[in-house]
Every structure is written in structure tokens, then in C-alpha cells.
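The block underneath contains the structure these notes are about, expressed in C-alpha cells.
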Amino acid sequence: MALPDKLIIFDYSGTLSLAAAAFSRPDSLMQHLQISGLFKLGVDSASLFWEIVNATWLEGSTTRRGYKRVMQERIAELFPEKAIVNQREISRAAGNFVEAYFDHSGIDENWRLILQQLWSDKSVDVVIATDHYAEATEAIIKNLGQWNIPAIPLSADVKRNFAVANSADLGMHKDQQQFWQTVQNVLWQNYSRVLLVDDFGQNEQEGDAYGNPVKVSERRKMTVQLLRTVFASDVESISFAVNDENISGSIADTSAIIDQLFCGGR
């Protein structure tokens, strides 16, 4: 059986999962802060929420500690008096919020056809590469499984053509060469072509430092260069930017490019 000779790398939040970014819009965010119980504990503004996220992002996205735990600990630091008597309540509220976040972070339905097509094409390997919290790995695998696309964490013995490479599992972000070197080492294939589909942070919500326009541009250039260095292959990238009025059209256009480049025998 011929080995896969093409690799497609998809970003998750802001690319495959647009709802993950939409969850943090001001109106949605405030609603979930209230429902979860975090608002009652003092996390009562979008600015405070983003302060918590930005302060804990590095640890939360490069360790297995998880979104819930780093959020819970930061809230306890901000409100030490409440933490003494309300530790269980803080834990419960943080858990409620994180559970709601991942419940709202599914893969957009419009990606289903091309992802299923790629899964059935054994000449293509697919990696979902994401800078994310530890809980995301299981959530992504679960979401793909709902479409009968079996996937496994990258750290596992990869015998399927869909794998999830999460920064929380690998201990580093996608802007580091060692991240991609780990991906290459695990896949252990010589690919003739590599395609990266990523929003590079530009679809994140206002307030999230990850979506800074300058950082978005730098991230794209750096990531493509890293892929070329590590995979020693022809690397192309699609910068996946959307607006709310035409999400399905943006996904359809991107899917058509993928189909032409990788599924049409080119």
C-alpha cells in the first residue's frame, strides 16, 4: 500500500471551529460568565476576563494543567478573600464556564464534506495543529468522531491519517520549530507537498492578545518558514479569514482550493 505523500495542516479555533471564537464575543461572553457563576464571584467584565486569559495563556496552552485549573488559580489570586471561603464555588464556576466553551467549540458543519473526503483519501495525512488548552485534544477528537472520522492525539502511535497536535500536549506553540519537528518525527513521512490552512489568529475576538494584527502577519510568515525548514517540502498556505455574513462561502471557497490542490490528482 502506497504511503501518504501529501500533508494538510488545519488550525482549529478560528478556522475549523469558528464558534470557538464567537463564544467570546462580548454579549456571549457576559452571558456565559453569568450562567457559569463566574460573574457572581467577581469576573464581571470582559476586560477582566481577558486579563485572566492573557495572564494564564502561556501556562494553559503549553502544559497539561488545563483551562479550568489555570483560570481557577488566577481568580483565586485576584480575589484572595473569596478564595479562602469559596474555593469549591470557584472550581465549580470555572468548570461550568470551560465546559460551556468546549460545548460551543464544535467544527463548523460546512467543513464536513472536505474533511470526510480527506479521511477517505489515503494519499493524504491530516493534522489538526492548535495552540490550545489540554481539554481541547479530547474535544477535537470527539467532534471529528461525530462525523465518523477517527482521529488520535499526535503522541499516540499514528496509524490513522487524522491526528491532533495540541500545544498543551507538545509543551510548545506552533511558532516554535520544535513543535513542527515533533510532528515530523511522529509522522515520519517524506511529503511532496504540505498545505497549511490557518486563520493565524485573525478570526479571534477583540481583547484576545492572540489576534493582534501585527502578530497575525508575523505568525503566518514564521509558521510557513518553519514548515519549509522542517519538512523540506513545497509548502503552501491559505490564510482563512471570514466575516459573519459569508462563513459558509469562505469555507466552500477554501474547500474548493483544497480539493483542487490535493484531491484532484494534481
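The values are calculated or read from the model by the stated rules, or taken from the named source; none is laboratory data. Since the model is a prediction, treat every value here as computed from it, not as a measurement. Positions of Cβ are generated from backbone atoms using ideal geometry, with glycine treated the same way; all protein chains shown enter the neighbour counts. Just the protein is used for accessible areas: all its heavy atoms, side chains included, with ligands, DNA and RNA removed. Shrake-Rupley method; radii C 1.70, N 1.55, O 1.52, S 1.80 Å.
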Going down the list Lys6/Lys142; Lys40/Lys82; Lys122/Lys221; Lys6/Lys215; Lys68/Lys142, which pairs span over 22 Å between their C-alpha atoms?
-> Lys6/Lys142; Lys122/Lys221; Lys6/Lys215
Specify which labelled value, from (1) 0.98; (2) 1.29; (3) 0.96, agrees with Rg/Rh (Cα atoms, Kirkwood Rh) derived from the coordinates of the model shown.
-> (1)
What's the percent breakdown of Cα-Cα distances in the stretch 63-102 across 10 Å bins, shortest bin first?
-> 33, 53, 14
Positive minus negative residues near Pro4 (Lys, Arg vs Asp, Glu; Cβ under 9 Å) | -1
Residue-normalised 222 nm signal for the chain, counting each DSSP H run of n ≥ 4 as -39,500 (n - 2.57), nearest 500 deg cm²/dmol, is -16000 deg cm²/dmol
Loop-resident trypsin sites (Lys or Arg not before Pro) in the stretch 77-151 with no more than 15 other Cβ atoms inside 10 Å, DSSP not H/G/I/E/B, are Lys122
Nearest 0.05, what FRET efficiency do Asp5 and Lys215 give at R0 = 30 Å with Cβ-Cβ as r?
-> 0.35
Estimated FRET transfer efficiency (Ile152, Asp103; beta-carbon r; R0 30 Å; 0.05) | 0.85
Taking R0 as 25 Å, what's the FRET efficiency between Ala256 and Ser120 from their Cβ-Cβ distance, rounded to 0.05?
-> 0.90
Rounded to the nearest 10, the angle in degrees between the Cα long axis of helix 26-36 and the longest principal axis of the Cα atoms of the chain comes to 60 degrees
May I ask for the angle, rounded to the nearest 10°, between helix 135-145 and the longest principal axis of the chain, with both axes built from Cα atoms and the value confined to 0 to 90°?
-> 50 degrees
Separation in nanometres of the label points that stand 7 Å from Cα toward Cβ, at Arg64 and Trp188 | 2.2 nm
How much accessible area per residue does the stretch 1-123 have, in Å², with a 1.4 Å probe?
-> 48 Å²
